[in-house]
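S.K.: Dumping the structure here so I can ask a few things about it.
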Ligand code: AMP
């Protein structure tokens, strides 16, 4: 140590902490979710099943934009609904337009039906869609701010068999996904009988106002049907005793409802009449329904899907008067959560059937064309051309869950052969290189 420092230790230059300069890190926006590669098999399975069943029931695909005019949802869904009051992601864009990230599919699909003159096609026009929706809800288990639905609409026909068909399609989809569901069904009447029922419901609730949750006190004034939709424990006893809409339906609505139930009986669909299924949106008329996993607590807010008839929406959005319609949507995340909870096996189409391993430069070169041949033959083949070490390649094959590995090494190149290794059994066989496609078909396609 030099003299100066000995005399005056405080003069020692402080250690400067060298902070590593890193770019700021970002996280998911609240309520959003990444769907990672490992989860894709669930999405492929659910969307694939729903799509093939939708097609076989005569629904065609429609894609509408995620962004629509805010007014479309305000008018369609209704001002006094949770979605419009509190949950829409709305903004004014650079051009001064009021836009909203769609919180549901129906309004956009109905806009497209009107805008493209689909009323000139044979009715009903049956369409399905799937994709993301946005609702600024309080995030919790099974509730996201970006959610995905698979949605069905049948527009332009009021026949009760279409309500039943919507429910039957849902039932078939859940069954084929391996989920046993129960349909909760109700009728919310139409413009003829609803005013009377609203009045009766309001009279019933008025005397209980003080004991209702804050939201329900508001609903009582603005949208009394929604009182039956309340999930707050405080309001449950009043809901249980409330007058039921089915007792106040006009003859047409009652007749419609009875026929829907008859069709469901015919199709052997399990359903429960549930006077509390009124749905959150203003546009529903007559039939409304929700799907729950069989045995699930209905108050758990765990509906897997739901929908109903909406006979006045087309007119309300500027279309032709008296264009009835019915639709429903399945909550994709909720369904996937249930498949996982129940440990249901889903096919994994991202898993390779064959992993192509190679050793030596000559083999590497030959494996490029072999890979392309196998791909064209329809096998799900993976490779790692950039690797030289055979053990490392087989480890990758193992990690990816490949059923078979092909090994092309120096010896095989000389002999005109290739090794086929069964990854599970750990046994391998030498086959003629020119017969590799036939041999793979034998092992994989049976
Ligand atoms: P709705 O459009 O509100 O009738 O919802 C139809 C289905 O979408 C529900 O039964 C749920 O399965 C699902 N769903 C609705 N809201 C959410 C959300 N915030 N997060 C996840 N799934 C949802």
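The numbers here are math on the coordinates, done by the rules we state, and not lab data. Bear in mind that the values here come from a model prediction, so they are computed numbers and not experimental data. Neighbour counts are summed over all protein chains in view; Cβ atoms, including those assigned to glycine, are modelled from backbone coordinates with ideal geometry.
S.K.: How compact and how long is the range 203-325, expressed as Rg and Dmax of its alpha-carbon atoms in Å?
M.R.: 15.9, 45
S.K.: For the range 32-89 and the range 373-446, write down the distance between their C-alpha centroids in whole Å.
M.R.: 41
S.K.: Now a separate question. Under the rule a/c < 1.5 gives rounded, and otherwise a/b versus b/c splits prolate from oblate, where does the range 137-182 land using the Cα gyration tensor?
M.R.: Numbers: a/c = 3.05, a/b = 1.54, b/c = 1.98.
Note, shape of the range 137-182 comes out oblate.
S.K.: Could I ask something else about it? For a test of the definition: using alpha carbon positions, the gyration tensor, and the 1.5 limit on a/c, classify the range 235-301 as rounded, prolate or oblate.
M.R.: It is oblate, given that a/c is not under 1.5 and a/b is not larger than b/c.
S.K.: What length, rounded to one decimal in nm, is gained on full extension from residue 123 through to residue 143, with 0.36 nm per residue of separation minus their alpha-carbon distance? All intermediate terms of the calculation are to be shown ahead of the outcome.
M.R.: On the way: separation 20, 0.36 × 20 = 7.20 nm, distance 3.52 nm.
Value of the extension gain: 3.7 nm.
S.K.: Still on this structure: Which percent, nearest 5, of DSSP beta bridges in the range 291-446 are antiparallel?
M.R.: Percent antiparallel among DSSP bridges in the range 291-446 is about 65.
S.K.: Is the range 242-398 best put as rounded, prolate or oblate by its Cα gyration tensor, with a ≥ b ≥ c the root eigenvalues, rounded for a/c under 1.5, and otherwise prolate when a/b is larger than b/c, oblate when not?
M.R.: Prolate.
S.K.: Scale the Cα Rg of the chain by the rule-of-thumb value 2.2 N^0.38 Å and send over the ratio, two decimals. Numbers along the way, then the final one.
M.R.: Details: Rg = 30.2 Å, N = 446, 2.2 N^0.38 = 22.3 Å.
Against the empirical 2.2 N^0.38 Å value, I get 1.35 for the chain.
S.K.: Which peptide among 357-363, 117-123 comes first, and what is the full order, when sorted by highest mean count of other Cβ atoms within 10 Å?
M.R.: So the peptides 357-363, 117-123, ranked by packing, come out 357-363, 117-123.
S.K.: How much mean residue ellipticity at 222 nm does the chain get from its helices, if each DSSP H run of length 4 or more adds -39500 (n - 2.57) and you divide by all residues, to the nearest 500 deg cm²/dmol?
M.R.: -10500 deg cm²/dmol
S.K.: In percent, how large is the relative contact order of the range 206-364, given Cα pairs closer than 8 Å and 6 or more residues apart?
M.R.: 13
S.K.: Here's something else I'd like to know. What percent does the relative contact order of the range 123-224 come to when contacts are Cα pairs within less than 8 Å and at least six residues apart?
M.R.: Answer for the range 123-224 is 18 percent.
S.K.: When ranked by the protection proxy of mean other Cβ atoms within 10 Å per residue, highest first, what sequence do the peptides 393-406, 27-40, 327-340 form?
M.R.: Descending packing order for the listed peptides: 327-340, 393-406, 27-40.
S.K.: Can you give the FRET efficiency to the nearest 0.05 for residue 422 and residue 159, using r as the Cβ-Cβ distance and R₀ = 56 Å?
M.R.: Details: r = 56 Å, r/R0 = 0.99.
Using R0 = 56 Å, I get an efficiency of 0.50.
S.K.: Then there is this: Please compute the alpha carbon radius of gyration of the range 107-207, then divide it by the globular-protein estimate 2.2 N^0.38 Å. Two decimals is fine. Provide the component values of the computation, followed by the final result.
M.R.: Working: Rg = 17.9 Å, N = 101, 2.2 N^0.38 = 12.7 Å.
Relative to the 2.2 N^0.38 Å estimate, the range 107-207 comes out at 1.41.
S.K.: Taking the DSSP beta bridges in the chain as the whole, what percent of them are antiparallel, to the nearest 5?
M.R.: The answer is about 80 percent antiparallel.
S.K.: Please quote Rg/Rh for the range 47-187 to two decimal places, taking the Kirkwood radius as Rh and restricting both calculations to Cα atoms. Don't skip to the answer; put the middle values down first.
M.R.: Numbers: Rg = 16.3 Å, Rh = 16.6 Å.
The Rg/Rh ratio comes out at 0.98.
S.K.: Using the per-residue mean of other Cβ atoms lying within 10 Å as a proxy for protection, in what order, highest first, do the peptides 181-191, 409-419 fall?
M.R.: Working: 181-191: 22.1, 409-419: 16.0.
Final packing ranking: 181-191, 409-419.
S.K.: Could I ask something else about it? So for the range 170-300: antiparallel DSSP bridges make up what percent, rounded to the nearest 5?
M.R.: 70
S.K.: Below 8 Å between Cα atoms, with a sequence gap of 6+, how large is the relative contact order for the chain in percent?
M.R.: 14
S.K.: At R0 = 22 Å, how high is the FRET efficiency between residue 93 and residue 33 if r is their beta carbon distance? Nearest 0.05 is fine.
M.R.: Efficiency, from the Cβ-Cβ distance: 0.30.
S.K.: Same structure, new question: If r is the Cβ-Cβ distance from residue 240 to residue 218 and R0 is 22 Å, what FRET efficiency results, to the nearest 0.05?
M.R.: Taking R0 as 22 Å, the efficiency between residue 240 and residue 218 is 0.55.
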